[in-house]
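Student: Pasting in a structure now, in C-alpha cells, and then I'll have a few things to ask.
Readers should treat all values here as calculations from the given coordinates under stated rules, not as data from a laboratory. These figures come from a predicted structure and were not determined experimentally. Neighbour counts run over all protein chains shown; Cβ positions are idealised from the backbone, glycine included.
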C-alpha cells in the first residue's frame, strides 16, 4: 500500500481518507469506530514535528486499517443479519475486498472518486441518506424542548381548544408538514388540521386529523431520534438482498406494503404496489427471510396449521358443531382419506396429530381464491383473503403469520408475465373455478420479506412506521454490542 505521507507531510490521499472517516455520520456510521478524531490529531502532530522512526509507518498502517474497516462496514454492514435470525439465502455475491479496493484506488490516483462510489447502490439508500443528514442539520430544535401538555380528554378534534397547538405547529413547520412560519390559534382548525393529517400519513397513523395519544407520541420523537432510526435503516439496506434478480417481490412488514420490481438495463422499475396484512405483533409475527416463489395455487384448500387447529378450530368445533359445515371444513386421515362428517372421534384424531383438518375452496376459505407459494420451513405464503375490509386499516397486523394481499390478480399477472396465455380473465376463471389447481412457475420469483421502519417513497417524502416487531430495537442492541432480545 502506498504511504499516506510525502516525506514527513500527509499527502492529499491522507487528507481525503481522514475527511471521509470524520464524516462517517453522513452514512449512518460512527466516526469513533474508525478512530477518526484520534487519527486526525496524530497526523496533525506528525506534520508539525520532526518524524520519529517508526511513527510514520505506524500511522500508515493505522489509517489503512481504519479506512478498510469503514469501507467494509459501509458496503456490507456492521453485522450479519443472522445475528437477528433473519434468513436471507441470496446467491453469494463477490465478497467485497476492502484492502484491494483501497489499493487499486490509490494506485490509479482516484481515491476520492472511489470512496464516493463505495456506498451501496440499492433502492432508497442515497435518498434516505440525504434526508437523514437534513434531519441532522436541524440540530436540537427548541420546539422539542417545550413539552406538549397532556390532552384534555382522550383526543382533540378540529374546533376544540388545546394548549399545545403552538408547539405542534412549530414542530410541523420544522418537519415540512406545515408551511412556515407556523401560526396557531387557540382553536384547533384550518391549516393546522391539514398539517396534522400530512404528519399522520407520514407516520403510519390514521390520517383523520384527530390529536390522540398515538399522534402525540410520534410528534414527541425528536429529529435526533429520527436520525438514529434512519441510520438503522441504512444498516439494513446494506445487508438486505435487494434486486439481485431481474424480477423481485418485496414485502415491507412495518409499512404493510408489497412492491414488485423489475430490473432492466440496470434501471429499477416499480411494476406493482399493494397493501398487505401481516402477522400479529403480539404472538404470530411474520418472519423476515428470502425465498423463491415456485408455485401458484388457484382455488386452494386451506390446510389448517396444527397450532391454529389446536388453539382455535377444535375448541370452536366442540362448542359449535355447526361451524364445521358453515366453514366448509373436512378431515384428512393419515392415509389421505377425506372425511366430511364431524365426529368426536375425528376431532380426537386431529388432537392427537393423526389426522388434519382443511377448508375446501370457496368464498369462506381463509386463503381467498389464490395462494402464492415460496417453499419455506415456516409455512409462510402470500394469499388473498375472505376479509378484504382489513386492508382499509392503517395498521394491518392481523394474520397468523402469512401475508394477505390486496390485489391478487395483478400479482398473478406480474408473476406470469412470461406466459401470455395466462390472461387476466383466465386467472380470474381459475380463481373462481372452485377446483384446486397448482401451477409450477418456469422461472421462480424471489420473495423478500423485509423490515424497514423508514421509507422514502416516489413523492420524495420520508415516511416513518412503528417498530411493531421491535426489530429496530434489537438491531440497536446488537450494534451496541449487547445480545438482542428475542
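Student: Is it possible to state the helix-based mean residue ellipticity at 222 nm for the chain, with each DSSP H run of 4+ residues giving -39500 (n - 2.57), the sum divided by total residues, to the nearest 500 deg cm²/dmol? What is it?
Tutor: -10500 deg cm²/dmol
Student: May I pose another question? Rg (Å, one decimal) plus Dmax (Å, integer) for the alpha carbons of the range 5-119?
Tutor: Both quantities, over Cα of the range 5-119: 15.9, 54 Å.
Student: What ranking do 265, 186, 206 get, fewest neighbouring Cβ atoms within 10 angstrom at the top? All intermediate terms of the calculation are to be shown ahead of the outcome.
Tutor: Details: 265 4, 186 10, 206 15.
Ranked by crowding around the Cβ, least crowded first: 265, 186, 206.
Student: Under 8 Å for C-alpha pairs, at least 6 residues apart: give me the relative contact order for the range 252-357, rounded to a whole percent.
Tutor: Details: 89 pairs, mean separation 17.4, N = 106.
Computed value for the range 252-357: 16 percent relative contact order.
Student: So, one more: So what's the chain giving for Rg/Rh, alpha carbon basis, Kirkwood Rh from the mean inverse pair distance?
Tutor: 1.06
Student: Counting other C-beta atoms within 10 Å, which of 371, 85 has the fewest, and how do the rest follow? It would help to have the intermediate numbers written out before the result.
Tutor: Values: 371 23, 85 12.
Ranking 371, 85 by Cβ neighbours within 10 Å, fewest first, gives 85, 371.
Student: Tilt of helix 36-48 relative to the longest C-alpha principal axis of the chain, in degrees (0 to 90, nearest 10)?
Tutor: Result, in degrees: 10.
Student: Does anyone have the angle between helix 55-76 and the longest principal axis of the chain? Alpha-carbon axes, 0 to 90°, nearest 10?
Tutor: 20
Student: Order of 9-19, 454-464, 333-343 by packing, highest average Cβ count within 10 Å first?
Tutor: Numbers: 9-19: 18.5, 454-464: 16.0, 333-343: 10.9.
Most protected by this proxy first, the peptides run 9-19, 454-464, 333-343.
Student: May I pose another question? State the extension gain, in nm to one decimal, for the chain segment bounded by residue 75 and residue 443, taking 0.36 nm per residue of separation less the distance between their alpha-carbons.
Tutor: Values: separation 368, 0.36 × 368 = 132.48 nm, distance 2.95 nm.
That pair, residue 75 and residue 443, stretches by 129.5 nm at full extension.
Student: Moving on to the next point. Got a sec? Which residues in the range 293-331 would a label at residue 435 touch, if it sits 7 Å along Cα→Cβ and we count backbone N under 20 Å?
Tutor: Hits in the range 293-331 for residue 435 at 20 Å: 296-302.
Student: Follow-up. For the ranges 307-316, 124-133, what's the packing order if you count other beta-carbon atoms within 10 Å of each residue, average per peptide, and put the highest first?
Tutor: Values: 307-316: 14.8, 124-133: 17.7.
Packing order, densest peptide first, comes out as 124-133, 307-316.
Student: Continuing with the same structure: Roughly speaking, what is the centre-to-centre gap between the range 1-70 and the range 259-279 when only Cα atoms are used, to the nearest Å?
Tutor: The two parts, judged by their Cα centres, are 42 Å apart.
Student: Note down the relative contact order for the range 303-360 as a percent, whole number, built from C-alpha pairs under 8 angstrom at least six residues apart. Write out the running numbers ahead of the final one.
Tutor: Details: 64 pairs, mean separation 24.6, N = 58.
The value is 42 percent.
Student: Sticking with this structure for a sec: Exposure proxy check: 144, 302 ranked by fewest other beta carbons within 10 Å? Show your work: numbers first, answer last.
Tutor: On the way: 144 20, 302 23.
The most exposed by this proxy come first: 144, 302.
Student: Give the residues of the range 32-58 whose amide nitrogen is closer than 19 Å to a point set 7 Å from the Cα of residue 6 in the direction of its Cβ.
Tutor: Residues 43-51, 56-57 fall inside that zone.
Student: A further question follows. How far is helix 125-137 tilted, in degrees, relative to the longest principal axis of the Cα atoms in the chain, given as a value from 0 to 90 rounded to the nearest 10?
Tutor: 60
Student: Right, something else. For the chain, calculate the relative contact order in percent as a whole number, restricting contacts to Cα pairs under 8 Å that are 6 or more residues apart.
Tutor: On the way: 764 pairs, mean separation 80.9, N = 486.
It comes to 17 percent, rounded to a whole number.
Student: Say each of residue 217 and residue 85 gets a label point 7 Å from the Cα, pointing the same way as Cα to Cβ; how far apart are those two points in nm?
Tutor: Inter-label distance under the simple model: 2.3 nm.
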